[in-house]
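S.K.: Just dropping this structure here.
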Amino acid sequence: MRLSKVKVTNFRNFRDLVIDPFPTPAVIVGENGAGKSNLLHALRLVLDPDLSNRWRRLQADDIHDGAPGLHEGVEVRVEVELSDFDEDADAIATLDGAIITQDGQPRIARLTYLFQPKAAFDAVFPAQPDQALTPDDYSWTIYGADDPRMDMRHAKEYVPLWVLPALRDAEGDFTRADRSPLIRLLRERQPSPENVTSTLAALKEARSQLAQDPAMEQAVSELAARLSAMTGPQLPLAPALDFASREEDLIRSVQLFTDPGSRRGIQYTSTGTANVVYLALLLEWIKLRRQATDGEDTLLAVEEPEAHLHPTLQRKVFAHLLHGPNRLLLTTHSPHIAAVTPLASLVLASTRGEHTTGTVVPPGLLTPAETADLERYLNVTRAEILFARGVVFVEGAADAYLLPALADAVGFPLDDHGIVISSVEGTDFAPYATLLGPQALRRSHWILTDGDAADAKYRHTKEPGLWRARHLAQIAGNDELHQELERHLNALAAQDLPDSGSRTGRRAAVAAAAGIGVYVGDHTLETDLAPLLHQEMTEAFHDFKQRADTRAAFGAALTPVKDGTATSEQRRVLVDKIEDIGKGRYAQRLAAHVAALPDLPRRVRGLLGPLPGPPTREDLLTIAGPGTLLALLDDLSRTFRDLPLFPSTPHAAAATTPTPDPDSSR
C-alpha cells in the first residue's frame, strides 16, 4: 500500500494544498517556514493512532490566516488517498468503506479528517449565525470515501503513520522498553520456547550462586536493616536480588552493542550513529509487522534525518534507503540528502503569498535520459536549487563567480535573499527549465546565456543564444513569445553580422526574451563585461602574467572590445588570452576585484547617460555588452527586495523593505 494523493484545506500554511501524485518514498524539501513539518502534522490528523484526540480538536492557531476564523465556522479538511493494495485482503477489508474506484479498476481508498462546527454534523444543533463560535462548538471525524457518515477512525490502526520528530532522543529511547526499537523488533522475532526456558534456568542457577556470595549477602542484609530502621513494622520490606524470571523481562534485558566484543553499548556511540541504528531497527520492525498476519502497513515519517550525520554518511545512508522499496517520508534541509533523492521522490514545498504549495515532477515529463542527467546534476552543491527562493542558471563557472560579485558591488548580496547561481556547464538549459518550470516544481528561476552571435551558414547557428530563448519560451508555456522570437529570428537570419555591434532588431528580441527571465548576452561573458570592467580585467590579468610584453598584448586586445569597435576576430583574440589562464580561474580572480568596487553605479550611469529616474530593465538592456547582466540583476532586485538595482538616490540602496514573494511575480 502507498500514499498516493494528499489534499489539505485551511490548515496552518495550507489554504488549498494538493499533491497529486504523492510519491513513495517522498522527500519533502523547501525553504524554512514553507510548512514541511505542518504537512506531516496534517497527515497525523488522519493516520496517526498515537496522536491524542485532544490534538485533533484544532485551535485558532491551526486555522489558515486566509480562511474564515474559528469564530466564523471554518471547515478544515485533510484528505489522503491510498492505493496499491489490491492483493492485500486485510487492507481491502479494513478500507472497504473508503474505496472510491469502480469494480474492475485498481482500488483507491480515500480517508478524510474533517473539523467543522457541530451544527454541520447534526441538525439537532442549529447554527447561530449571530453568535461567534468557540472551539467547544466544533467536532471532528475521520470518514471514508465521500460520506461523512462513514466512520473510518479505525483505519489509522491498520495504516498508521509513525513520525520521528526532528528533536528526537534516539539514545534515550533505547533505554525505555516502551519506546526502544530494539525491544519492538525482538518482540517480532521471538526466541524459541526451548531457548527461553533454558536461559531462564541458567539465570536462576546464576542467581542462586550470586546470592550466596558474602558481599551480596552483606549488601542485602544492610539494606534490609536500613529499611527496617527507616519504616519500622508499618512498611514491612524484604529486599532480595534476582534476575529476569519471565520471557518479557528477558527480552527487555537484552542490550545492543556496536562492537564484536560486546563491550561498547549504543549509549556510548555518537548521536549520529545512534540515530542510524534507531532508523535501521525501526525499518526492520516495520517490515516484520507488514509481513505478520495481524500486522499493520506502517508509514514512517522522519523529520530532518540529517541531524548529527556527517555529509558523506547522509549520502550513503539515504542513497540506500531512497532507492529501495519502502514507504519513507522525509522532511529535510540537507542538500546532501536531496542530492541522492530520485527526482520522482521530490516534493517541493514553496511559499506563495500567504499559503504553501507542494509540487512534484509528474511521471513522463522528462525522458529517462534527462532524468538520469538531472539526478547527476543535483550533486551536493547544485541541490541547493531545491532550497533557494530563486535560481539563476548560467553556462559555466565564470558566470557563477562574476554575477554575485557584481551584485555585491551594488549592495545586493544574493545570499541574503536566498538566490542561488547554478552552472549547467553548457548551453542546454531545457531540462533544468523543465524541472523548475510550470509543469513540474514551479520554482522561480532565471537564465543567463551568451549570445554567441556569428556569421554562420544555418539560421539557427547565427543567433544561438536567441534560439535557446525561443525554445525556453516554449517550455515556459508562452506560445505568444515563442512566435514573437521566431519572427525576430527570421529577420535576424537574413542579415550578415556587422563588423561591430549587433544585427538590426536584435535588441527588441533580447528585451522580449527578458520578459520571461531569459537574459541573452551580446557575445561571450568576458567580452560583454569589457566596457564596464576593463580596468579590473586588466588588474586580474596582471595578477597572473608578469611579463611586460604579455601585459601589453592583453591591453591591446582589450582596447577595441571595451570601446565597442571590436570585430569577431578581435573578440576571439581577447578570449584566447583569457583562456590561456583558464576562464574559470580568471573569473575567480576578477570577481575579487569586482566585488569591492566602490563606483560601479557611477560607471553604469556613465554608460547610460542622463535619465530622469532610476534606470529600468529596458534602459539597462540598451547598454552594449554588460547591459544583459545588469538588467538581470535589476530584475532580481525588484523581485526580491522591491527596489531597482540603481536607486535614484545613494541612500535608497540601503533602505529596508519587506521582502516580497518572488513566486507572486512570475
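Coordinate-derived values only; no laboratory data. These numbers were taken from a predicted model, which means no experiment stands behind them. Reconstructed Cβ throughout: ideal geometry from the backbone, glycine too, with neighbour counts over all protein chains shown.
S.K.: Quick one: length gained pulling residue 592 to residue 224 fully straight, 0.36 nm per residue minus the C-alpha distance?
M.R.: Length difference between fully extended and current span is 124.7 nm.
S.K.: For residue 31 and residue 206, FRET efficiency with R0 = 56 Å and r from the beta-carbon atoms, rounded to 0.05?
M.R.: 0.45
S.K.: Another question about this same structure. Taking 2.2 N^0.38 Å as the expected size of a compact globular protein, what ratio does the Cα radius of gyration of region 40-137 give against it, to two decimals?
M.R.: This ratio for region 40-137 stands at 1.34.
S.K.: What residues qualify as long-range amide H neighbours of residue 445, i.e. H under 5 Å apart, gap of 5 or more or another chain, H built at 1.01 Å from N?
M.R.: So residue 445 has HN proximity to 391.
S.K.: Right, another one. Residue by residue through region 395-402, what is 3J(HN,Hα) from phi via Karplus (6.51 cos²θ - 1.76 cosθ + 1.60, θ = phi - 60°)? Round to whole Hz and write x for glycine and proline.
M.R.: Per residue, the Karplus-derived 3J(HN,Hα) values read 6, x, 5, 4, 4, 5, 7, 7 Hz.
S.K.: In percent, how large is the relative contact order of the chain, given Cα pairs closer than 8 Å and 6 or more residues apart?
M.R.: Reported relative contact order: 12 percent.
S.K.: Using the eigenvalues of the Cα gyration tensor, what equivalent ellipsoid semi-axes result for the chain when each is taken as the square root of five times the eigenvalue, whole Å, largest first?
M.R.: 62, 33, 24
S.K.: Could you give the length gained on full extension between residue 196 and residue 545, defined as 0.36 nm per residue of separation minus the Cα-Cα distance, in nm?
M.R.: The residue 196-residue 545 span can extend by a further 117.6 nm.
S.K.: Can you work out ³J(HN,Hα) from phi for every residue in region 60-75, in order, using Karplus 6.51 cos²θ - 1.76 cosθ + 1.60 and θ = phi - 60°, giving whole Hz and x for Gly and Pro?
M.R.: 4, 5, 8, 8, 4, 4, x, 8, x, x, 4, 6, 9, x, 5, 10
S.K.: Loop only per DSSP, at most 15 neighbouring Cβ atoms within 10 Å: give me the GluC sites (Glu not before Pro) in region 357-464, ordered by residue number.
M.R.: Filter output for region 357-464: 425.
S.K.: Here's another thing I want to ask about it. Given points 7 Å out from each Cα along the Cα-Cβ axis, report the residue 280 to residue 177 separation in nanometres with one decimal.
M.R.: My value for the distance between the label points is 2.6 nm.
S.K.: Calculate how steeply helix 271-291 sits against the longest principal axis of the alpha-carbon atoms of the chain, using the helix alpha-carbon long axis, and give the answer as 0 to 90 degrees to the nearest 10.
M.R.: 70 degrees
S.K.: Can you pick out the pairs among 5/316; 5/156; 5/118; 7/287 whose Cα atoms lie more than 25 Å from each other?
M.R.: Pairs exceeding 25 Å: 5/316; 5/118; 7/287.
S.K.: Shifting gears a bit: Just want to confirm a number: the relative contact order over region 176-269, from Cα pairs under 8 angstrom separated by 6+ residues, in percent.
M.R.: 29 percent
S.K.: What FRET efficiency, computed as 1/(1 + (r/R0)^6) with R0 = 25 Å and r the Cβ-Cβ distance, is obtained for residue 416 and residue 616, rounded to the nearest 0.05?
M.R.: It comes out at approximately 0.60.
S.K.: Additional query: Of all beta bridges DSSP finds with both residues in the chain, what is the antiparallel percent, to the nearest 5?
M.R.: About 60 percent, rounded to the nearest 5.
S.K.: Helix-only mean residue ellipticity at 222 nm, the chain, DSSP H runs n ≥ 4 weighted -39,500 (n - 2.57), per residue, nearest 500. What is it?
M.R.: That calculation yields -12500 deg cm²/dmol at 222 nm.
S.K.: In addition: Length gain on complete extension for the stretch residue 487 to residue 240, per 0.36 nm per residue less the alpha carbon to alpha carbon distance?
M.R.: Answer, rounded to one decimal: 79.3 nm.
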